[in-house]
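Student: To start, I am sharing the structure in question, which I have written as structure tokens.
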Amino acid sequence: MFCNHYDNDVTVWSPQGRIHQTEYAMEAVKQGSATVGLKSKIHAVLVALKRAVRASAHRKKILHNHIGISIAGRIADARLLCNFMRQECLDSRFVFDRPLPVSRLVSLIGSKTQIPKQRYGRRPYGVGLCTAGHNDMGPHIFQTCPSANYFDCRTMSIGAHSQSARTYLERQMSGFMECNLNELVKYGLCALRETLPTEQDLTTKNVSIGIVGKDLEFAIYDDDDVSPFLESLEERP
């Protein structure tokens, strides 16, 4: 059977039990800009690759002072989800006078991304999110998928060639929890560098870093602010 007989709508299952619209959305994430998320006992860090300088402002978002996201996939879909997440954070502050727990926010995103998958004429959101936050339970790294699944991770990489970064992170993961902030960012940069061709390297123009932690609000480092972290990297062999 040809898949184009069954990919006209998200509510249509193929004879093999596949939903092709969801698979297309997952493929959009795989073709997006690579991003890496990792955490220690105190900090959570996002390190993202910027493919185009003019689009860099849309690759990482601050949702509230305790949480931020990095995206891979369709920017328009990410902007819609980002606005929803930001509104939920503001509602929690206004109604309950406290920050919205990171796990609760990611759960809301999972519920929201599930809705288009159950209605005729809709399509899944073609974007994956890597969410970093900090609350009373410590730092968190969450991954959300177009399939409406979400995962609480110690470390994660999404986007183009992210498997190379995940392989590096799996080898080095045992040292993350005890390292300081600079070492944690260095691990993230090394993992992100694994997604690049051998003739290309990380620079202040193609890297963005987001950091949040205990008594440290979420902050984004771009351009020259990234230089101190890049200087600590060894040259590629």
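Student: Find the residue count for segment 23-43, including only residues that are outside any helix (DSSP H, G or I) and out of contact with any helix residue (DSSP H, G or I) (no Cβ under 6 Å at 6 or more places or on another chain).
Tutor: 8
Student: Contact list please: Cβ distance under 9 Å, first residue in segment 41-61 and closer than 16 Å to L192 by Cα and of a type outside the set (S, T, Y), second residue open to solvent by 10 Å² or more (accessible area, probe 1.4 Å) and at pLDDT below 50, pairs at least six apart or on different chains.
Tutor: That search, which allows pairs on different chains as well, returns A48/S56; K50/S56.
Student: Identify, please: which residue in segment 68-109 is touching a residue at least 12 places away in the same chain (Cβ under 8 Å) and among the β-branched types (V, I, T) and is, among those, surrounded by the most Cβ atoms within 10 Å (Cβ to Cβ)?
Tutor: I69
Student: Take the residues of segment 185-215 that are β-branched (V, I, T) and in a loop (DSSP other than H, G, I, E, B): which is farthest from the chain's Cα centre (by Cα)?
Tutor: Among those residues, the one meeting the criterion is T198.
Student: Could you give me the residue pairs with C-beta distances under 8 Å whose first residue belongs to segment 206-230 and is closer than 17 Å to S33 by Cα, whose second residue is β-branched (V, I, T) and part of a helix (DSSP H, G or I) wherever it lies, and which are 6+ apart or on separate chains?
Tutor: V207/V226; S208/V226; I209/V185; I209/V226
The values are calculated or read from the model by the stated rules, or taken from the named source; none is laboratory data. All figures in this text were calculated on a predicted structure; none of them were measured in a lab. Cβ atoms come from the backbone with ideal geometry, glycine included; neighbour counts cover every protein chain shown. Areas reflect the complete protein model, heavy atoms only, side chains present, ligands, DNA and RNA absent. Shrake-Rupley method; radii C 1.70, N 1.55, O 1.52, S 1.80 Å.
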